[in-house]
Amino acid sequence: MAGEAASVKACLPESADFYVRGRVMRLTSELKSQGVLLLLAMLTLCSLATHPLFAADIPADDAVPFTIESPFAWNRTDRYVPPDFDSFFPDDIEGGKQLDLLLEGKLQVTGIDARLALIRRGLRHCTKHRTTLLGQVGNQYIWNRKQQDPRAIELMYHASASDDSGVAHYAMYHGPTVVSNRSANLVRMLMDKYPSLDAQMQQRIAWGMQTYGDKEQTRKLLLGLLSDYQRLNDSTIGAALETYQAVFKADPPEVSRFNDVGLWVIVFHRSDVSATHPRAAEILREMVAKPLRGQEEMLLEFVTRVNEGQETAVVLLKGLKARQLLVDYLEKRNYTELDFNELFSARVLQERRLQEFARFLPEGAPASRLPAYTRPPADETYAYRAPEFVAPDYQSYFADDVQAGRKLDELFENRGKLELSDRELLEAFRRGLRHSSSPNTMFGWISGALGWPRDPRLTEIFYQALDPKGPEDVRKAALYFGFGLGTDKTSNVLRALFDVYMAPPFDDTTNRNMRSRILWSVRDHEDDKYYLSTLFAEALSEHAKLSDVALQQADSAYKQLTGEDPPNAKEFSSRGVYLVMFGCESTSTIPASKQYISQRLGDSPHLLTKKFREEKGEVSVMVLVRGTAGLKWMIHKLQEQPALPIYFAGLLTPELIEKGDHLQEFKKYLPVEPPGKN
């Protein structure tokens, strides 16, 4: 049980106001069972172990064809066999229908062989969340399993070659990257795929090699691949070099063999050189020239971009030696920060607006899907970085233009064939968002459509969409796509995020999705956390202006940001009514429970009322207490030995009462909030 408790604690938000916090969808007379179910649900979400993917084994009437049998492509030793989605997964419409039935629980199949065979047979035409299906296969048969199933690995190996990016991603994520008993073919496949993968998946490959399996065996496999470098293309060699360095924190032996191997993209900026400096590009180019003096032919291309207001150099180099010379030099310079240092591939141009580099790709490489880069105007002003706070204004910023909304929807439908510059696309987005048929989808699209660098005009769009007076779903989308973890946030952005946090509605979904994401977005930035905490402290200093629920949210935010109670916490510690639900296992009748709880709690000004429920000889208790002071007192009392199981502890709200038939009588304890309070 100690391990389970740790798992529950890991899932809970860092809030002193909730001992157990969950979405109470239905409150019944089986209060104790409900509390246990709540805890079990949280345990299930936290645990890496998964429930069986399929229903109990019952023999099928017909044998399922396409059983996965050895020799397997992923671990055969006689030759390299790359993954082949088209050859491995048959074009079987009927198989897709049967797989759908299986996932709906309408078809049951005996044994792992038959289950995996049906997935193989039906994956192409399955309509029931193919990505989730592959994730479940990986979790059940591969990831964190002592005995990893080679048949499941084979299936995921070939699925990683799917033309469907979602299928390929989930297969790679839950399969080949976490195989413990690696083979030469598996490592070769990972290195072949590496240049086309996003940075997170590249990091996952290295992480998997560090975490699972024999590291010395992995070292031998990577070195074996590098020893055959003359038969490999530069991209695969470069991938093996990067992965070796990431896993073992060192260069492979005789690294000088690879001095001329690979094309490398180095991106850096100086914190003391803004985009407005008249010699910004020249200063950065001089920094590149110094370490490459005498080897200028290794510099294939140099361009600059404006990213977050900084002039940023982008360098394309030929060979590992040139890359190391430049990186070593830059790492010793003051005010200099490396933004990217990576192998050049077609994937780079799918994520970064660097069309000037396209001519260095192999013939037949996919063209960039990103719009052409245009330099942001130096004299343009933006509300998000104004010297004084300028609040977002959804109505004024986004045009009220029905025709523009239709045009934006058309651009989205034809997004694979666009021939617009970034400036043209951003203006079409600004004009059309209000009347788009799917504004939330548009935010996800525009955030990826521009890639890197982060355009200040895009940041302004996200900022203006944060307006608390604008549509709630638009606000959520702007927060999610515009201001996540690791994004630069000006003081105006932080102020706008605070206003979003303190604006209604205060329903459970918004609390968990939007408010928790705001705090998460500053988790790793101490200055941002501190500034945001001062805004909450300021609001709490005028707590009389806040409703109970807004007060609880501000108090919770301050505690999560600082790890401490607000300076004036005692001033409002009696505000709000809190519900605590717990079990009374030592008694079996309500009269006995009332006597026991009365003796245990005694008389206290914190107590408002108690309610007892008995079902099948087990008694559960609901207690209302006054304020956070009462909540802390109550939790302390219940944790005294013998400890009583706590099922729920949180603020009593109209939303909570609506979800529970047995909470209706508590409605009279809700405060009547005067107009004007949040």
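The values are calculated or read from the model by the stated rules, or taken from the named source; none is laboratory data. All figures in this text were calculated on a predicted structure; none of them were measured in a lab. Counting neighbours? That spans all protein chains shown, and the Cβs are built from the backbone with ideal geometry, glycine included.
Here is how the numbers come out for the structure above:
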item	result
Residue list for the range 149-180, filter: assigned to a loop (DSSP other than H, G, I, E, B) and either of a type in the set (A, V, I, L, M) or free of Cβ contacts under 8 Å to residues at least 60 places away in the same chain (or both)	ASP149, ALA161, ASP164, GLY175, VAL179, SER180
For LEU343: the one exception among (1) surrounded by 11 or more Cβ atoms within 10 Å (Cβ to Cβ); (2) closer than 26 Å to VAL273 by Cβ; (3) touching a strand residue (DSSP E or B) at 6+ places or on another chain (Cβ under 8 Å)	(2)
Residue that is modelled with the highest pLDDT [pool: residues in the range 345-399 that are among the acidic types (Asp, Glu), under 19 Å from ARG457 (Cα atoms) and out of contact with any Asp or Glu (no Cβ under 8 Å at 6 or more places or on another chain)]	GLU388
Residues (among the basic types (Lys, Arg) and assigned to a helix (DSSP H, G or I)) located in the range 181-195	ARG188, LYS193
Unmet requirement for TYR335, which otherwise passes all of (1) under 24 Å from PRO278 (Cα atoms); (2) in the same structural domain as TRP445 (by TED's automatic domain parsing); (3) among the aromatic types (Phe, Trp, Tyr)	(2)
Subset tally (residues that are farther than 19 Å from LEU320 by Cβ and outside any loop (DSSP other than H, G, I, E, B)) for the range 348-363	8
Of residues in the range 86-130 being of a type in the set (Asp, Glu) and part of a loop (DSSP other than H, G, I, E, B), the one nearest to GLN140 (Cα to Cα)	GLU104
Hits in the range 418-441 (condition: in a helix (DSSP H, G or I) and either surrounded by fewer than 17 Cβ atoms within 10 Å (Cβ to Cβ) or not charged (D, E, K, R) (or both))	GLU424, LEU425, LEU426, GLU427, ALA428, PHE429, GLY432, LEU433, HIS435, PRO439, ASN440, THR441
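Listed here are the residues, each with its yes/no results for (1) surrounded by 13 or more Cβ atoms within 10 Å (Cβ to Cβ); (2) free of Cβ contacts under 8 Å to residues at least 60 places away in the same chain; (3) on the phi < 0 side of the Ramachandran plot.
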site	(1), (2), (3)
GLY364	no, yes, no
SER368	yes, yes, yes
THR381	no, yes, yes
ARG385	yes, no, yes
PHE398	yes, no, yes
ASP401	yes, yes, yes
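Here's the yes/no breakdown for (1) farther than 23 Å from ASP467 by Cα; (2) of a type in the set (D, E, K, R); (3) free of Cβ contacts under 8 Å to residues at least 40 places away in the same chain:
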site: ALA503; (1), (2), (3): no, no, no
site: SER516; (1), (2), (3): no, no, no
site: ASP527; (1), (2), (3): yes, yes, yes
site: ALA537; (1), (2), (3): no, no, yes
site: LEU551; (1), (2), (3): no, no, yes
site: PRO567; (1), (2), (3): yes, no, yes
site: ARG575; (1), (2), (3): yes, yes, no
site: LYS594; (1), (2), (3): yes, yes, yes
